[in-house]
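Notes to accompany the following structure.
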Amino acid sequence: MQERDNSVSVYGLGYVGLTLCAAWLRAGHKVLGVDILKEKVQALNNGVISHIELDVAQEIAKAVSNGCFRATLEGIRASEQSKAKIIAVPVGLDDHGRPALTDLEGTVRTLAQGLKSEDLVVLESSVPPGTTQNLVRSLLEEISGLEAEKDFFLAYSPERIYVGRALEDLVTRYPKIIGGVGPQSSKSAGTLYRKIAERGVRIVTSPTVAEFEKLAEGVYRDVNIALANELAVLASTAGIDYDEVSETANSQPFCHLHNPGVGVGGACIPVYPLFLASLAKTLGLDLKLVTTARQINTFMPNHIGRLVLQLASKINPRNSRIAILGLAFRGGIDDARFSPTYDLIDALIKNGVDEITVNDPYIPNDPLLAKLGYKLTSELNEALRDKDIVVFAADHPQYKSLTLRDLKERMQRERIGVVDGRHVISEWKNPPRGVVYVGVGRPFRDSTQKEM
């Protein structure tokens, strides 16, 4: 019984789930990781931890060797062997843009069959408000025959991690938000999470508040990025440098203009506004600002595609060869989920561009690009060689030392175009001969014509 009391089971071994595993292992708990992918479970039990941050991988590999971590396909058994169960199954959108809760529901049904009195269940997945109370609680009580708050405890605690520093965020950077279905559930979850959250826990009045709070964080960023993108497009068209505008505006403490870019990717920000829009629809409301912001950010890859076509008309109008630098949705990571690069490629294809090579130093292969027939390489020179136009779609650290002169030499062309979707190039205002430059929020620059 003592071993069971010290064991935590984590359902869903993606970015969030593995980070949670590492945090509980570091706190001295034994951890059972549950996933439905046999290959992933086998790899983890062999100490092979890929596509995750180094500190997380090291923590899990060490725990595998000393017997404190085991991955399993047997979710019922894991529930029986652990007092605390944490659900980190990703929740996305179905083909109609609605919340897809099927995987979460399946996980809850499995977990419920091993649920016992005094156990604690915590949902960490980002979900539409009301999911913990209306879906998770109902299923747990129906299947287990137990009553939440009386026989077992149930809470929602949103993951608040940033890919690239996930364990640091979880353990040291932010307080843990907890919303229990009642005071005993909040107390139980708070006691557990205080073991890993150095910034402490913050109890809210209900799981629905905590669910809404998590989505509000993402929507805040989406709306503000949309504002930056819209202002950047206007600034560039008007011949104004958006960076100069935003840096000056942000010297006023109530102004926090964000950076513009190619678009918004990842499994979080593009999805959360649609979760809230789904809730609003059931209540007869229309979230005009939220949905407009989503439309603006979804439009940005098409805007970048237009800039590419404008450059192509000046560089090589018949058949421009394009290099796109960055498949990941953000610099310094290997995560391509909802990456705007896919939408950029789609926009170029629809406009007759088919000579496209993608470079990413963190992503060695990608099934979607392979299916489309486009080359993905981790070799920068290979991607750039004999290309007419280069597009910066991610600000990977490996790109930040590049100059316009470097690019021209590597591309081996007399005249090249550069579309800077992430403000990677610093000396853009004075391009060398044979280089045409344009950036998001930056006016066109040409070696022979300073403004176009």
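Inside region 149-174, can you point out the residues that are assigned to a loop (DSSP other than H, G, I, E, B) and either more than 25 Å from TYR220 (Cβ to Cβ) or at pLDDT 95 or above (or both)?
GLU149, LYS150, ASP151, SER157, PRO158
Given the residues SER125, SER157, which is the only one that is closer than 28 Å to TYR15 by Cβ and without any contact (Cβ under 8 Å) to a residue 60 or more places away in the chain?
Among SER125, SER157, only SER157 is closer than 28 Å to TYR15 by Cβ and without any contact (Cβ under 8 Å) to a residue 60 or more places away in the chain.
What's the number of the condition THR403 fails, among (1) touching a residue at least 60 places away in the same chain (Cβ under 8 Å); (2) of a type in the set (Ser, Thr, Tyr); (3) touching an Asp or Glu at 6+ places or on another chain (Cβ under 7 Å)?
THR403 satisfies every listed condition except (1).
Anything in region 239-297 that is among the aromatic types (Phe, Trp, Tyr) and assigned to a helix (DSSP H, G or I)? List them, or say none.
Across region 239-297, the qualifying residues are TYR242, TYR272, PHE275.
Hey, among the residues in region 92-109 that are modelled with pLDDT of 95 or more and in contact with a strand residue (DSSP E or B) (Cβ under 8 Å, 6 or more places away or on another chain), which one's farthest from THR131 (Cα to Cα)?
THR107
Is there any pair linking a residue in region 90-105 that is closer than 18 Å to GLU159 by Cβ and touching a residue at least 40 places away in the same chain (Cβ under 8 Å) to one that is among the basic types (Lys, Arg) and surrounded by fewer than 15 Cβ atoms within 10 Å (Cβ to Cβ), with Cβ under 6 Å and at least six apart or on different chains, and which?
Going by the 6 Å Cβ cut-off, there are no qualifying pairs.
Restricting to region 126-176, count the residues that are among the polar types (S, T, N, Q) and either farther than 28 Å from LEU93 by Cβ or surrounded by fewer than 23 Cβ atoms within 10 Å (Cβ to Cβ) (or both).
Here the count works out to 5.
Could you say whether any residue in region 1-9 is surrounded by 21 or more Cβ atoms within 10 Å (Cβ to Cβ), assigned by TED's automatic domain parsing to the domain that holds LEU167 and closer than 27 Å to TYR362 by Cα?
So far as region 1-9 goes, no, none of its residues is surrounded by 21 or more Cβ atoms within 10 Å (Cβ to Cβ), assigned by TED's automatic domain parsing to the domain that holds LEU167 and closer than 27 Å to TYR362 by Cα.
Looking at region 141-148, can you tell me whether even one residue there is in the same structural domain as ILE87 (by TED's automatic domain parsing), assigned to a helix (DSSP H, G or I) and closer than 29 Å to LEU54 by Cβ?
no
Evaluate region 191-201: report whether one residue or more is outside the structural domain of LYS429 (by TED's automatic domain parsing), of a type in the set (Lys, Arg) and either on the phi > 0 side of the Ramachandran plot or in contact with a strand residue (DSSP E or B) (Cβ under 7 Å, 6 or more places away or on another chain) (or both).
Yes: region 191-201 contains one or more residues that are outside the structural domain of LYS429 (by TED's automatic domain parsing), of a type in the set (Lys, Arg) and either on the phi > 0 side of the Ramachandran plot or in contact with a strand residue (DSSP E or B) (Cβ under 7 Å, 6 or more places away or on another chain) (or both).
Exactly one condition in (1) out of contact with any Lys or Arg (no Cβ under 8 Å at 6 or more places or on another chain); (2) of a type outside the set (D, E, K, R); (3) part of a helix (DSSP H, G or I); (4) surrounded by 13 or more Cβ atoms within 10 Å (Cβ to Cβ) is false for SER236; which is it?
Looking at each condition in turn, SER236 falls short on (1).
Please verify whether GLY47 is surrounded by fewer than 19 Cβ atoms within 10 Å (Cβ to Cβ) and more than 20 Å from the chain's Cα centre (by Cα), treating the condition exactly as stated.
Spelling it out, GLY47 is indeed surrounded by fewer than 19 Cβ atoms within 10 Å (Cβ to Cβ) and more than 20 Å from the chain's Cα centre (by Cα).
Scan region 293-337 for residues that are over 19 Å from ASN365 (Cα atoms), β-branched (Val, Ile, Thr) and at pLDDT below 95 and jot them down.
Hit for region 293-337 is ILE315, nothing else.
Out of ILE345, ILE363, which single residue is over 18 Å from the mean Cα position of the chain (by Cα) and β-branched (Val, Ile, Thr)?
That would be ILE345, the only listed residue that is over 18 Å from the mean Cα position of the chain (by Cα) and β-branched (Val, Ile, Thr).
Which condition number in (1) assigned to a helix (DSSP H, G or I); (2) surrounded by fewer than 24 Cβ atoms within 10 Å (Cβ to Cβ); (3) of a type in the set (Val, Ile, Thr) is the one that ILE333 fails?
Among (1) assigned to a helix (DSSP H, G or I); (2) surrounded by fewer than 24 Cβ atoms within 10 Å (Cβ to Cβ); (3) of a type in the set (Val, Ile, Thr), ILE333 violates only (1).
Is there a residue being free of Cβ contacts under 8 Å to residues at least 60 places away in the same chain, buried (at least 20 other Cβ atoms within 10 Å of the Cβ) and outside any helix (DSSP H, G or I) anywhere in region 185-195?
no
The values are calculated or read from the model by the stated rules, or taken from the named source; none is laboratory data. The shown structure was predicted, so the numbers you read here are calculated from the model rather than taken from an experiment. In this analysis, Cβ positions are derived from the backbone assuming ideal geometry, glycine residues included, and neighbour counts consider all displayed protein chains.
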